[in-house]
Each structure stands twice: as structure tokens, then as C-alpha cells.
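Undergrad: Supplied in C-alpha cells, the structure appears directly below.
Nothing in this text is a laboratory measurement; each read-out follows from the coordinates by a stated rule. Computed from a predicted structure; not experimentally measured. So basically every Cβ, Gly included, is an ideal-geometry build from the backbone, and we count neighbours across all protein chains shown.
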Amino acid sequence: MSQRSCLSVILAAGEGTRMKSALPKVLHQIAGLPMVAHVVKAAEAAGAGDQALVIGHGADEMRKAATKFAPKAETFVQEKRLGTAHAVLAARDAISRGYDDVLVMFGDTPLIDPDALTVARLKLAEGAGVVVIGFRTANPTGYGRLIEKGGKLVAIREEKDCSDEEKKITFCNGGLMAVAGSQALKLLEAVGNKNAKGEYYLTDIVEIASGQGLDVIATEASFENALGINNRAELAEAEGIWQRRRRREAMLSGVTLIAPDTVYFSHDTEIGADTMVEPNVWFGPGVKIATGAKIHAFSHIEGATVAENCDVGPFARLRPGAELKQKAKVGNFCEVKQAVIEEGAKVNHLTYIGDARVGAGANIGAGTITCNYDGYSKFFTDIGEGAFIGSNSSLVAPVAIGKGGYIASGSVITESVPDDALAFGRARQKTIPGKGKELRERFASAAAAKKKAGSDH
Ligand code: UD1
Ligand code: CA
């Protein structure tokens, strides 16, 4: 089948007013990726090498976004929203280039499984003219009903055009169609708009193709494949389904999730086998975790790379550019941004490391802060291999601590420290014997005198 050429036409011109959003509907995200990008990915996975994106509302924003998630896609503007067949025809120039297979997909149906598309393409390869991906549901309200006769699909009837009898049909149009490229334009051009909504329905090509004696069939996929997103409640539902699928995939690939329902993945999260993830962990985009890591509860990780056998959290925040090498440790209430924590280094408690390198085996004491920002620019802190940073120190960048450097607790370090040197950046302690007691007595008698003066009046 791989030698069959395939175009996917993705309809994304819907207005999506029920999202109540300034953002075009299909740019709302699932797992950190616009829903339409999920559709593009599925099309690619099913072998659709070329994509035509039909856009309308928010065309400029859509075009700009598409350069990121579908750089190869051609965009076509459907000026007026006259129906799904009309929308597909906006991509006429692409379709008329002549493909073996044309897949029509909806940009607001992000959970489509590439396997369902592959099955439909196989049917085309076997000679079908039109293949509709259907699903069964106990509650078919709102969906087009698939009307079959003798195992063949003869029509799709939209809800508003159904007779009472037809409304009882539970086999529905999932909205995805595979059409033989040689027939696609002819069929689409034959569609009229004499129906309850006065729209050019893509679904009408079924009746037209069937009338011409073409082989028209429906395949069946699960309901999720057809889940169309119209509002934010449905968006959350789709997110939930996506997350459940991903968690299962992670567990089956060797990742331990103690409380899977509380762990959130992004579309591109990579996580190695024998990694253990405790409850309530969030993986934002761009995370790569190698094998054998422990991600403790309530950690928030985004744009970070974590090597083998690292230990992260609980309550750790790894921000973009954080890179933990083997066996590094970032503990509770630590934030790491744009910094490399080299092999075996420890950043255990209440620390901010930003724009920095922490050398192998270094130990960063509780409350250490790299002061990387003066309100205008960012500066770099370099901490050498095996250095020891005493608790509650501020390292004012740009600054470098040499290999084996030792920083006394509570220091404010503004000048670089050579290898193996000890640096104090704080006032020396002064201890005065007996002075504590003396102070206490003085304060107590002053308070008593004040109280007595008050009660005399
Ligand atoms: C459509 C199907 C219905 C199916 C259902 C599955 C048609 C006529 N009906 O109904 O059989 O059961 O999906 O969810 O196809 N769009 C455009 N331009 C237009 C009209 C629509 O780009 O002029 C896009 C929308 O953005 C959307 C998709 O096409 O992504 C489907 O349109 P929508 O109006 O939501 O169709 P449904 O009524 O849901
Ligand atoms: Ca819809």
C-alpha cells in the first residue's frame, strides 16, 4: 500500500463559537498540541504524505500555527462556510493533482486512530470507491446515520433530514472518509444543497457514488475516533481519553505509574523503562526521561532532559533547558532552569539553579540561589566538579566556583572562587558571653514599667 499516493484534506474552517474563545477552535490543545495537529499526525501515520488544510475563521493565526505543526501542509481558505463538501472543494487544486487515495478528516476530531485510516485505505486499495469510518452508539443524536443495504452503504442521512425510522439507526458517520482519488472531484462536484440546512454535505457523495455503481462501504471504529470537540467540556473529555491511552502505553512499555490517573503526559513526552513516577506529576512539552529515573510526587517538568537513574522531587520544578546527567538529584522545592546538573551532583533542598552548570558530584546546600538576573539581562554561574556550596548562599552571576571550591554557608558570592579555595562572603560571627541574659532582663523590666504606667492612669 505504501506505493499508493495519499492526500489528506483536513477541514478546519469551523467557527467553533461554542468554545467561547478568541482562539480558532482547532488550535485548542490536547496534551499540549493543537487538536488539528493530532489529526495531521494521524494522517501522516496512515501514510498521507501530503496534507491540505482547509481554513476559514482565523486564517492568519491558523497559517502561522500550521507552519509549526504541519510545515508541509498546503493551506486553502474556504471563504464562506457552505458545508463540508464545499469545504473539501476549497482544496480542489491539491485534489486535482491526482492521488490514489484522498482522506477527508475533520480538524476537531483529534482522537482518530491511524489504524482506522489504514483500514479504510486498504479498502480503497481493494477497489472501493468510498469508505466511511463509522461507529456505533446508543445515543446517535446529532450524527449522520449510515443507511446500509445488503452490506453496502447506500446513503448517509444527517439528523435533521432523517425520518423517525432512520433516527433509530445507531450506526453513525464518524466524519472520516476515504475516497478513491480518481473519483473524488467528480463526486464532490455532484453534491447539491437541497437539505434541511441548505449546506453542501460531504456525506451526500455516498448516495451519489452508490448510484453510480461504485463500491461504497462503511468500516467500524470505536466512538473515540469520532469524538468531535465543540466546547471545552468535550475538549477535557478528549484530553482524558488521550491521557488514559498514553498512561497505558507508558505502563506497557515498562514505566511504573503508582497512580496513573494523576500523571499527565504531553504529546511528545519520552520516558524510559524502569522509571517510576509517583502520583501527581505533570510532564509539559519537550520532556525526555531515560531509564531507571525516579520522579517523585508533585513534580512539574517541562522542556527538560533527565538521564539514567536520576532522582527528581518530590515537589521539584524542572523548567526548559534543565538537563540532568546520570544519577543527578534534584530534591524538594528546587527549581532548575536552563542548567546542566552533571553526573551525581545533588541539588537537594529549596534551591534555584538558573543559567548554570553544576559540575559532577557537586553538592548544593539548602537554600542556594543562583542570582542570574539583574532585571535586564541573564548571567551564567559555573560550579566546578565536586564543589560544595554551603546552605543559604547566593551566587551572584556572572561567577564561577572552581573545582572542589568550598563556599561557607550564608555567603553572598560576587567574585569567582579558584579551585579548592574556601570562600566566605558574610560578616564574621561575634559572641558576647552573658549578654543574652542581660538583654532579656532589660527588656522585661522595661515592659513591666510600661504596664504599670498604664494601670496607674
Ligand atoms: C458531520 C457529518 C455527520 C457526522 C459528524 C461526525 C456532514 C454533512 N455531516 O456533522 O454525518 O456524523 O460530522 O462528527 O459532513 N466544516 C468546514 N466548512 C464548512 C462546514 C464544516 O470546514 O462549511 C468543518 C468543521 O469545521 C468541522 C467539520 O467540517 O471540523 C464538520 O462540520 P460540522 O458542521 O461540525 O458537521 P456535523 O454537523 O458535526
Ligand atoms: Ca461536528
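Undergrad: For a quick check: with amide H placed at 1.01 Å from N, whose amide H comes under 5 Å from H28's, ignoring anything fewer than 5 positions away on the same chain?
TA: Correct list: M35.
Undergrad: Step through the residues of segment 360-367 one at a time and calculate ³J(HN,Hα) from phi using the Karplus curve (6.51 cos²θ - 1.76 cosθ + 1.60, θ = phi - 60°), rounding each to whole Hz and writing x for Gly and Pro.
TA: Each residue of segment 360-367 in turn: 4, x, 5, 10, 9, x, 4, x Hz.
Undergrad: Which lysines have a Cα less than 19 Å from the Cα of K149, not counting those fewer than 8 places away in the same chain?
TA: K123, K167, K168
Undergrad: I've got another one for you. At 7 Å along the Cα-to-beta-carbon direction for both S409 and K435, put a label point, then send me their distance in nm to one decimal.
TA: About 2.0 nm, to one decimal.
Undergrad: On alpha carbon coordinates alone, what is the Rg over Rh value for segment 6-226, Rh being the Kirkwood radius? Numbers along the way, then the final one.
TA: Details: Rg = 16.1 Å, Rh = 17.2 Å.
Rounded to two decimals, Rg/Rh equals 0.94.
Undergrad: Set the Förster radius R0 to 60 Å, insert the Cβ-Cβ distance between R4 and K167 as r into 1/(1 + (r/R0)^6), and round the FRET efficiency to 0.05.
TA: 0.95
Undergrad: Among T118, A360, F333, pick out the residue whose Cα is farthest towards the positive end of the charge dipole of the chain, where Lys and Arg carry +1 and Asp and Glu carry -1 on C-beta, about the Cα centre.
TA: F333
Undergrad: Quick one: which residues, 5 or more positions from A218 or on another chain, have an amide H under 5 Å from its amide H? H modelled 1.01 Å from N in the peptide plane, none for Pro or chain starts.
TA: Hits under the 5 Å cutoff: V132, L153.
Undergrad: Considering only C-alpha atoms, what is the centroid distance from segment 368-446 to segment 298-322, in Å?
TA: 27 Å
Undergrad: Add +1 for every Lys or Arg and -1 for every Asp or Glu among the other residues with Cβ under 13 Å from the Cβ of E74, and state the total. Could the numbers behind the result be given before it?
TA: On the way: positive: R63, K72, R92, R97; negative: D50, D93.
Result for the neighbourhood of E74: +2.
Undergrad: Running Debye on segment 246-423 with equal point scatterers at the Cα sites and no solvent, what base-10 log of I(q)/I(0) appears at q = 0.08 Å⁻¹?
TA: Results for segment 246-423 at q = 0.08 Å⁻¹ read -0.24.
Undergrad: In deg cm²/dmol and to the nearest 500, what is the mean residue ellipticity at 222 nm of the chain if only DSSP H runs of at least 4 residues count, each as -39500 (n - 2.57), divided by the residue total?
TA: Values: 10 runs with 108 residues, N = 457.
When only DSSP H runs of four or more count, the value is -7000 deg cm²/dmol.
Undergrad: Dipole of the chain, Cα-centred, from +1 at each Lys and Arg C-beta and -1 at each Asp and Glu C-beta, to the nearest 20 debye?
TA: Dipole magnitude for the chain comes out near 1840 debye.
Undergrad: While we're here: Treating only the Cα positions of the chain as identical point scatterers, give the base-10 log of I(q)/I(0) from the Debye formula at each q in 0.07, 0.14 Å⁻¹.
TA: Summing over Cα pairs of the chain leads to -0.53, -1.17.
Undergrad: At 7 Å along the Cα-to-beta-carbon direction for both K80 and M276, put a label point, then send me their distance in nm to one decimal.
TA: Placing both labels 7 Å beyond Cα along the Cβ direction yields 6.5 nm.
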